[in-house]
Amino acid sequence: MLHDSILGWDLGGAHIKSARIDAQGCVSGVVQLPCPLWQGLEWLESGIDSVLEHIGEHSGLRHAVTMTGELVDLFPDRVSGVKALIEVMSRRFPKEQLAIYAGAAGFLDPDRAKDSALQVASANWLATASWAASRLPEGLLIDVGSTTTDLIPFADRRVLATDYTDQQRLAGQSLVYTGIVRTPLMAITDKAPFAGEWVYLMAEHFATTADIYRLNGDLPEGADLLPSADSGEKSLAGSTRRLARMLGMDVDATDLDGWRKVSRYLAERQLRLIADACERVLSKPGLSPAAPLVGAGVGRFLVERICHRLDRPYVGFETLFSCAEGWQSKVAECAPAVAVASLARGSLV
């Protein structure tokens, strides 16, 4: 596989991400598209079509696949989900061109991967961390995505992970189920200050973190690809209306500056969730006080802010590729897809 171009795939439950690594190991294309997989496998089929249109000529390419989409409630369990996603990819591409990432087990052919479904399930974080570990002496990878945040320490060219399943990682806070686009606001905190009082948030899916970061001016362009909570407009007015509803109010209860005070408070609460998890992971042995935080994902601007608080150096995941000219931002945003393609380039299946 070393001399082939590789197309890396990260099959998520809400997005499909893909990255092309050429024969010299250079990034030559990265794309992220909405893919609400919980609505049906036809979304994955159409997503694959769209990716191939964006990538261009793809005949003869090898394909390296990682996934988290097996978690969606379209499937009765994770094993069924993994097998279904592998079957879709096997129908779309020749099996001999497919390499399925199975975490510590490496890359497997589709049939073997189905037999190792629990190792394949949600292993994309390990691909990203493994690539970072191959490029830096030590660090803490923090990948803040639209939905979740991964915190993975590494040193001496190996990932310092003892938790591998989602349940283990949630318990150990190497997986924090919060992101900068899709997280419902009541998952961040139960209350917010307003006009000198604490107002308790409604436990309804009225607004998401995309709304608060839009109000704060932090939402990266192209980050919010799926419909808003009310399927309404993605504008300051729309986000303000949705935020007001979370507090049981209409938008005219205060002015834009007033709502921005609320949104900044909520953003701080989310930052604190991630920073607390970061400090917990950093308190474990294995990393020096000078180990950098490696920022990836569409919400990596939060990692930079945590670096300032903890007085640690910041390294952008995109800098770990020697030739990603013009693709730096997308490399960081689609880190698992780029990483799995890069890892596969030096592996044999």
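Once you have a ≥ b ≥ c as the square roots of the Cα gyration tensor eigenvalues for region 1-121, tell me rounded if a/c is under 1.5, and otherwise prolate or oblate according to whether a/b is larger than b/c. The shape class here is oblate.
Solvent-accessible surface of region 281-349, averaged per residue with a 1.4 angstrom probe and all protein chains in place: 42 square angstrom. Taking every C-alpha pair closer than 8 Å and separated by at least 6 residues, the mean separation divided by the residue count of region 195-318 gives a relative contact order of 22 percent.
For the residues Ala133, Ala335, Ala203, a GNM of the chain with alpha-carbon springs under 10 Å puts the largest fluctuation on Ala203. Normalised by the residues of the chain, what does the relative contact order come to in percent, with Cα pairs under 8 Å and at least six apart? For the chain, the relative contact order is 22 percent. Here the chain exposes an accessible surface that is 50 percent carbon and sulfur, computed with a 1.4 Å probe and the other protein chains kept in place. Considering only Cα-Cα distances, which of the following residue pairs are longer than 31 Å: Lys83/Lys330; Lys17/Lys234; Lys17/Lys261; Lys114/Lys284; Lys95/Lys234? Cα-Cα > 31 Å for Lys17/Lys261; Lys114/Lys284; Lys95/Lys234; rest within.
In this structure region 1-121 gives 40 Å² per residue of accessible area when probed at 1.4 Å with all protein chains present. Simple spin-label estimate for Ser134 and Glu42 gives 3.9 nm between the two label positions (7 Å along the Cα-to-Cβ direction from each Cα). For region 30-187, the relative contact order comes to 15 percent (Cα pairs under 8 Å, sequence separation of at least 6). Maximal additional length on extending the Asp166-Ser80 stretch stands at 29.3 nm, based on 0.36 nm per residue less the C-alpha distance. The calculated FRET efficiency for the pair Ala23 and Glu279, based on their C-beta separation and a Förster distance of 41 Å, comes to about 0.45. Checking Cβ-Cβ separations below 4.7 Å across the chain identifies Cys35, Cys278, Cys307, Cys334 as cysteines lacking any candidate disulfide partner.
If you add up the charges near Trp125, with Lys and Arg at +1 and Asp and Glu at -1, over every other residue whose beta carbon is less than 11 angstrom from its beta carbon, what do you get? Here the charged neighbours net out to -4. Taking the centroid of alpha carbons for each part, region 130-191 and region 54-94 are 23 Å apart. So the label point goes 7 Å from the Cα of Asn216 along Cα→C-beta, right? Which residues of region 318-346 then have their backbone N under 19 Å from it? Under cut-off, by backbone N: 333. Region 213-287 and region 312-349 have their alpha-carbon centroids 27 Å apart.
With a 10 Å radius around each residue's Cβ, average the other Cβ atoms per peptide and rank 224-232, 315-323, highest first.
Descending packing order for the listed peptides: 315-323, 224-232.
The values are calculated or read from the model by the stated rules, or taken from the named source; none is laboratory data. In this text the structure is predicted, and so the values were computed from the model without any measurement. Note that we place each Cβ from the backbone using ideal geometry, even for glycine, and neighbour counts take in every protein chain shown. For accessibility, only protein heavy atoms count, side chains too; no ligands or nucleic acids. Shrake-Rupley method; radii C 1.70, N 1.55, O 1.52, S 1.80 Å.
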